[in-house]
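Colleague: Have a look at this one before I ask anything.
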Amino acid sequence: MRYMATISYDGSNYMGFQIQHDMPTIELELEKAIKRMLGTDIKITASGRTDKGVHALNQIIHFDLDKKINPDNLKRGINTYLPNDIYIKNVTEVSDDFHARFSAKSKEYRYYININEYDPLTYKYMPFISNLDYELMNEGMKLFVGTHDFKGFASASIDKRKDTIKTIFKANMNIYDDKLEFIFVGTSFLKYQVRRMMGLIIEIGRKKETKEKISEVFEKKDPKISHKVAPSEGLYLYNVYY
């Protein structure tokens, strides 16, 4: 039997999603909890990996069991053994050909910036950045929409065989009284892609770069010129669409 689960987590205390030996990761905690409930090792597969400090509202995983278990019982049982900063929101039975990663049609990431006043209670979830030009940032966001080669916005360490051409359907910016919200919806995203895009958008907002820099990164395909990687704490895997 194959099961799909929707997971939310606070990534502050973890080295990312993917297992890294005995270092604290989301995947390690999930597999430990499943083993404690079922008494056997179960390998999980996620829709994608989030980096150190990145959060998720709706991360998707799938796993296979050799017997049928009520999804609600799975949810309750696994949550019993998870730490308080990881939570299974729901579990459903899926067909054997469902794959958390390869069946996904698109993903949505959101990034938040605190523009009100530095708050020690929220700095792990929204970096505080002030004196930004919102109009310039919004103009820059529009340039990400479409199909582009995002190699210049990816980690320099990604596998050279990996396809770096991606399509972004939506890149919106919303302004609230206390925060900025940036929404990215695309087919898939490369390692550090959203954080590098946001790093450049922040520099544009600070008037240290112009929106033309975005086109230059697309053209030159060199991660060295996309400048800063935005802080991980502002990034959320918001949704995965199938």
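The values are calculated or read from the model by the stated rules, or taken from the named source; none is laboratory data. These numbers were taken from a predicted model, which means no experiment stands behind them. When we count neighbours, we look across all protein chains shown, and the Cβ atoms used for this are built from the backbone with ideal geometry, even at glycine. Surface areas here come from the heavy atoms of the whole protein model, side chains and all, with no ligands, DNA or RNA. Shrake-Rupley method; radii C 1.70, N 1.55, O 1.52, S 1.80 Å.
Colleague: Subtracting the Cα-Cα distance from 0.36 nm times the residue separation, let me have the gained length for Asn79 to Arg101 in nm, one decimal.
Modeller: Numbers: separation 22, 0.36 × 22 = 7.92 nm, distance 2.26 nm.
Stretched fully, the Asn79-Arg101 segment lengthens by 5.7 nm.
Colleague: How much accessible area per residue does region 97-242 have, in Å², with a 1.4 Å probe? Write out the running numbers ahead of the final one.
Modeller: Numbers: 7620 Å² over 146 residues.
Here the residues of region 97-242 average 52 Å² of exposed surface.
Colleague: Which listed residue (Thr210, Leu235, Pro223) has the Cα farthest towards the positive end of the charge dipole for region 199-242, taking +1 on Lys and Arg C-beta and -1 on Asp and Glu C-beta about the Cα centre?
Modeller: Of the options given, the answer is Thr210.
Colleague: How many nm separate the modelled label positions at Asp178 and Asp66, each set 7 Å beyond the Cα in the direction of the Cβ?
Modeller: Simple spin-label model gives 5.1 nm for this pair.
Colleague: Now a separate question. Give, to the nearest whole percent, the P(r) tail of region 72-205 beyond 19 angstrom, counting all Cα pairs.
Modeller: So the portion of pairs separated by more than 19 Å is 62 percent.
Colleague: Where does helix 26-38 land angle-wise versus the long Cα axis of the chain, in degrees 0 to 90, nearest 10?
Modeller: 10 degrees
Colleague: Oh, and also: Give me the percent of the accessible area of the chain that comes from carbon and sulfur atoms, probe 1.4 Å, all protein chains in place. Show your work: numbers first, answer last.
Modeller: Numbers: 5820 of 12360 Å².
With neighbouring chains kept in place, the figure for the chain is 47 percent.
Colleague: If you project the alpha carbons of the chain onto their three principal axes, what span does each projection cover, largest first, in Å?
Modeller: Computed over the chain, the largest-to-smallest principal extents equal 57, 41, 30 Å.
Colleague: By how many degrees, 0 to 90 and rounded to 10, does the Cα axis of helix 193-205 deviate from the longest principal axis of the chain?
Modeller: Relative to the chain, helix 193-205 is tipped by roughly 30 degrees.
Colleague: Could you calculate the contour length gain from Lys32 to Asn131, that is, 0.36 nm times the residue separation minus the distance between their Cα atoms, to one decimal place in nm?
Modeller: Details: separation 99, 0.36 × 99 = 35.64 nm, distance 4.45 nm.
Extra length from Lys32 to Asn131 when fully extended: 31.2 nm.
Colleague: Compute the Rg/Rh shape ratio of region 31-106: radius of gyration over Kirkwood radius, all on alpha-carbon atoms.
Modeller: Details: Rg = 12.7 Å, Rh = 13.5 Å.
Radius of gyration relative to Kirkwood radius: 0.94.
Colleague: In debye, nearest 20, what is the charge dipole magnitude of the chain about its Cα centre with +1 on Lys and Arg Cβ and -1 on Asp and Glu Cβ, if you could check? Can you show the working numbers first?
Modeller: Numbers: 37 positive and 33 negative charges, 119 e Å.
Here the size comes out at about 580 debye.
Colleague: Could you sort out which of Lys142/Lys220; Lys142/Lys179; Lys43/Lys221; Lys179/Lys213 sit more than 27 Å apart by Cα distance in this structure? The partial results should precede the final answer.
Modeller: Working: Lys142/Lys220 19 Å; Lys142/Lys179 19 Å; Lys43/Lys221 36 Å; Lys179/Lys213 25 Å.
With Cα atoms farther than 27 Å apart: Lys43/Lys221.
Colleague: If packing is taken as the average count of other Cβ atoms within 10 Å, what order do 95-101, 192-198, 43-49 fall into, highest mean first?
Modeller: On the way: 95-101: 13.1, 192-198: 24.7, 43-49: 18.3.
Ranking the peptides 95-101, 192-198, 43-49 by packing returns 192-198, 43-49, 95-101.
Colleague: Between Lys142 and Ser155, what length in nm is gained on full extension when 0.36 nm per residue of separation is reduced by their alpha carbon distance?
Modeller: On the way: separation 13, 0.36 × 13 = 4.68 nm, distance 2.21 nm.
Additional length available on full extension: 2.5 nm.
Colleague: If you don't mind, there's one more thing I want to ask. Taking the Cα centre of region 108-242 as origin, sum charge times position over the Cβ atoms of Lys and Arg (+1) and Asp and Glu (-1), and report the length of that vector in debye to the nearest 20. Walk me through the intermediate numbers first.
Modeller: Values: 22 positive and 19 negative charges, 141 e Å.
Dipole about the Cα centre, nearest 20: 680 debye.
Colleague: Oh, and also: Report relative contact order for region 64-171 in percent, whole number only (criteria: Cα-Cα under 8 Å, sequence separation at least 6).
Modeller: Values: 60 pairs, mean separation 17.0, N = 108.
In percent, rounded to a whole number, it is 16.
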